[in-house]
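Before any comments, here is the structure.
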Amino acid sequence: MLKSSDGKSSYNSLLPIYPLLAQQCVDDYRLDSGICLDIGTGNGYVGTEIAKITNMSIYFIDIEAGALDFARSTVTDANIDNEVFFLEADVCTGLPLSDNYADFIISRGSIWFWEDKARGLAEIYRVLKVGGTALIGGGLGRYVPATMRARLSGERKNTLEKKGGTRLSLEEIETLAVEAGIPSFKVMYDAPGDKGRWIEIQKHV
């Protein structure tokens with residue numbers, strides 16, 4: 001886990017955004033039950049917050065075993081009673097899940113580090129159920145107040161650069177989606193004037 005100059009976790013100041021992002025997803029996509037994949041889960045915050053306000057089964061997926069250990073601690077501390085799974089896997093080389101498996105897929109902040117982004121998006125589309133939605137990208141979410149957004153903007157940039165990630169433009173994300181063979185998607189900014197960018201993928205057939 002990255003540390004800031006004062007020795008604190010660089011994730012601490014971001015903690016308030018996760019319930020807001022989870023609520024946004026529930027509101028936008030009418031989440032209630034079914035299967036949710038949290039890909040590149042890291043500390044497990046997004047999946048845990050979705051679990052708190054839905055009856056969904058949550059799969060916490062990450063390439064790093066250490067991240068999954070942290071996610072397990074996050075889930076334990078939250079005292080949720082949803083069905084949960086922890087899966088060490090790389091979305092760029094294939095998830096050990098069947099086609100049309102998940103009702104909703106969220107991945108916040110991990111695509112910037114994928115080795116084969118187009119293949120990762122194609123894999124997400126494969127495991128997404130018909131009628132399901134995937135939200136992939138990075139940002140704070142629409143529900144974050146402007147004052148909080150301004151306060152966190154510098155830290156978000158520093159964290160991405162320190163970890164060696166590259167934030168893609170909307171045009172680059174769109175090109176990757178076309179390369180991945182995804183027929184129905186839209187790319188969007190997190191909020192007006194914000195640097196966060198997302199791709200929303202839907203599967204109709």
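The values are calculated or read from the model by the stated rules, or taken from the named source; none is laboratory data. This one's a predicted model, so the numbers in the text were calculated from it and none came from an experiment. Cβ placement follows ideal geometry from the backbone for every residue including glycine, while neighbour counts extend to all protein chains displayed.
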Discussion item. Just to verify a result, which residue in segment 81-99, among those that are within 16 Å of the chain's Cα centre (by Cα) and more than 26 Å from Leu15 (Cα to Cα), is surrounded by the most Cβ atoms within 10 Å (Cβ to Cβ)?
Written reply: Leu95
Worksheet item: How do the pairs read when you match residues in segment 157-186 that are closer than 22 Å to Glu123 by Cβ and at pLDDT below 95 with residues anywhere that are in a helix (DSSP H, G or I) and among the charged types (D, E, K, R), using Cβ under 9 Å and keeping only pairs 6 or more apart or on different chains?
Response: Arg167/Lys157; Leu168/Lys117
Discussion item. Suppose the filter is under 13 Å from the mean Cα position of the chain (by Cα) and closer than 21 Å to Cys25 by Cα; does Leu128 pass it?
Written reply: no
Practice prompt. Given the conditions (1) at pLDDT 95 or above; (2) exposed (fewer than 14 other Cβ atoms within 10 Å of the Cβ), report the number of the one that Ala122 does not fulfil.
Written response: (2)
Item to complete: Would you point out which residue out of Ala102, Ala78 is surrounded by fewer than 19 Cβ atoms within 10 Å (Cβ to Cβ) and not aromatic (Phe, Trp, Tyr)?
Response: Ala78
Worksheet item: farther than 17 Å from Glu200 by Cα, in contact (Cβ under 8 Å) with a residue 60 or more places away in the chain and surrounded by 20 or more Cβ atoms within 10 Å (Cβ to Cβ) - does that describe any residue in segment 45-57?
Response: no
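Is it true that Asp81 is without any contact (Cβ under 8 Å) to a residue 12 or more places away in the chain, in a helix (DSSP H, G or I), of a type in the set (D, E, K, R) and farther than 18 Å from Lys129 by Cβ? Talk me through it step by step, then tell me what you get.
Working: without any contact (Cβ under 8 Å) to a residue 12 or more places away in the chain: yes; in a helix (DSSP H, G or I): no; of a type in the set (D, E, K, R): yes; farther than 18 Å from Lys129 by Cβ: yes.
So Asp81 does not fit the description; no.
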Worksheet item: So, of the residues in segment 34-58 that are within 12 Å of the chain's Cα centre (by Cα) and in a strand (DSSP E or B), which turns out to be nearest to Asp103 (Cα to Cα)?
Response: Cys36
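Yes/no matrix, rows are residues, columns are (1) touching a helix residue (DSSP H, G or I) at 6+ places or on another chain (Cβ under 8 Å); (2) in contact (Cβ under 8 Å) with a residue 24 or more places away in the chain:
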site	(1), (2)
Cys92	yes, yes
Ile111	yes, yes
Glu123	no, yes
Gly139	no, yes
Ala150	no, no
Ser153	no, yes
Discussion item. Of the residues Ser107, Ser98, only one is in a strand (DSSP E or B) and polar (S, T, N, Q); which?
Written reply: Ser107
Discussion item. With the structure loaded, tell me whether Phe104 is touching a Phe, Trp or Tyr at 6+ places or on another chain (Cβ under 8 Å) and under 19 Å from Gln202 (Cα atoms) or whether it fails that test.
Written reply: yes
